[in-house]
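The values are calculated or read from the model by the stated rules, or taken from the named source; none is laboratory data. These numbers come from a predicted model, not from an experiment. Ideal geometry is used to build each Cβ from the backbone, glycine not excepted, and the neighbour counts take in all protein chains shown. Protein only, heavy atoms only, side chains kept; ligands, DNA and RNA dropped before computing areas. Shrake-Rupley method; radii C 1.70, N 1.55, O 1.52, S 1.80 Å.
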Amino acid sequence: MRFVSLLGIAAAWAQPDAPRPVDPGGAEQAPSDAIVLFDGGSLAAWRHPDGRAAEWAVEDGAMVCKSGKGDIQTMQKFGSAQIHVEFSTPDMPNATSQAKGNSGVYLQGRYEIQVLDSYKNPTYSNGSAAAVYGQHPPLVNASKPPGQWQTYDFVFHAARCDADGKVEQPARLTLHHNGVLVQDNVNISKPTPGDDGTSMCENGPIRLQDHFHPDVKDTPLKFRNLWVRSL
Ligand code: MG
C-alpha cells in the first residue's frame with residue numbers, strides 16, 4: 001500500500017503540466033495574467049457602441065458616467081471569462097425602484113447583469129442588483145449603500161454552438177456580489193432587453209449602461225478596477 005502511494009506521488013511530481021503561476025494581485029491590483037480594461041487613468045480600451053471615443057470622465061481613478069453620453073463598451077470582444085468589476089451607485093434619495101442608481105454590465109454585449117441601488121430600495125426581484133435582468137433574481141441582496149464601492153466577480157461561460165450556429169448549451173453565469181454568491185451557475189437562455197442584436201454564438205464586448213439619470217448631482221455612477229481573464 002505504501003509502495004503504491006509513493007508511486008503516485010512520484011507520478012504527480014513528474015507531471016510536466018504544473019499549473020501556470022499567476023501573481024494574484026491585491027485589492028486594487030489585477031492578477032498578473034489579466035487584461036486590464038481600466039487602470040484608473042485611461043479610457044483607451046473603451047468606445048461608445050457607435051464608435052465614438054468614450055465621453056465618460058476619469059476622476060480620482062474612476063470612470064464616471066456622464067449621464068446622457070450613452071453606454072460605453074470595450075473595443076475587445078470576449079468569450080468565456082472571469083471578469084472583475086467595481087462600481088459605486090449614485091445617491092438619489094428621491095428616486096425609487098428602477099429609477100434609483102440604474103446601470104448594468106452587459107456580458108458579450110447581450111446579457112445585462114443589473115446594476116442598481118438595491119440598498120433598501122424594493123423593486124421586482126429579477127430587476128434588482130446582480131440580477132440577470134428579467135431572467136434570474138440574485139440569491140440574496142448583498143448591496144451596499146450608494147456611494148460605496150461594490151464588487152461583481154463573474155465566471156461567465158459563453159453559449160456553446162454547433163457548426164450551423166445553433167445554440168447547444170446556453171451561456172452560464174456564476175456571480176459573487178461583494179464576495180457573496182448571488183448567481184450559482186445559472187443558464188442565460190436568451191439575450192436581455194437592450195442587447196446589441198448579435199448572435200449568441202459570437203464573442204462580444206463588455207458594455208456599461210448609461211441609464212440616464214438627469215437628476216443625479218453630487219455622486220455620479222462610477223466604475224473602477226475592471227479586468228478580464230479569458231477562460
Ligand atoms: Mg440596468
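Under unit Cβ charges (Lys, Arg +1; Asp, Glu -1), what dipole magnitude, rounded to 20 debye, does the chain have relative to its Cα centre?
About 300 debye.
If Lys and Arg each add +1 and Asp and Glu each add -1, what is the summed charge of the other residues whose beta carbon sits under 9 Å from the beta carbon of residue 205?
Residues close to residue 205 contribute a combined charge of +2.
From a point 7 Å beyond the Cα of residue 198 in the direction of its Cβ, which residues of the range 28-64 have a backbone N at a distance under 16 Å?
Answer for the range 28-64: 45-52.
What is the sum of charges, Lys and Arg at +1 and Asp and Glu at -1, for the other residues whose Cβ falls under 12 Å from the Cβ of residue 195?
With Lys, Arg at +1 and Asp, Glu at -1, the neighbours total -1.
What accessible area per residue, rounded to a whole number of Å², is obtained for the range 31-230 using a probe radius of 1.4 Å?
43 Å²
If you roll a 1.4 angstrom probe over the protein chains with everything in place, what fraction of the accessible area of the chain belongs to carbon and sulfur, to the nearest %?
The nonpolar share, carbon plus sulfur, comes to 53 percent.
Which angle from 0 to 90°, rounded to the nearest 10, does the C-alpha axis of helix 2-14 make with the longest principal axis of the chain?
50 degrees
For the pair residue 20 and residue 180, what calculated FRET efficiency results from E = 1/(1 + (r/R0)^6), where r is the Cβ-Cβ distance and R0 = 22 Å, to the nearest 0.05?
Rounded to the nearest 0.05, the efficiency is 0.15.
Run the 1.4 Å probe and let me know the accessible area of residue 56, rounded to the nearest 10 Å².
Near enough 10 Å² of accessible area.
Heavy atoms of the protein only, probe of 1.4 Å, neighbouring chains included. What is the accessible area of residue 59 in Å², nearest 10?
Spelled out: residue 59, probe radius 1.4 Å, area about 80 Å².
Suppose R0 equals 35 Å; then what is the FRET efficiency for residue 230 and residue 99 from their Cβ-Cβ distance, rounded to the nearest 0.05?
Between residue 230 and residue 99 the formula returns 0.50.
Largest first and to the nearest Å, give the Cα extent of the chain along each principal axis.
73, 42, 36 Å, listed from the longest principal axis down.
By how many nm would the segment from residue 166 to residue 59 grow when fully extended, if each residue of separation counts as 0.36 nm and the alpha-carbon distance is taken off?
34.2 nm
Number of Lys pairs in the chain with C-alpha atoms less than 26 angstrom apart, excluding same-chain neighbours closer than eight positions?
24
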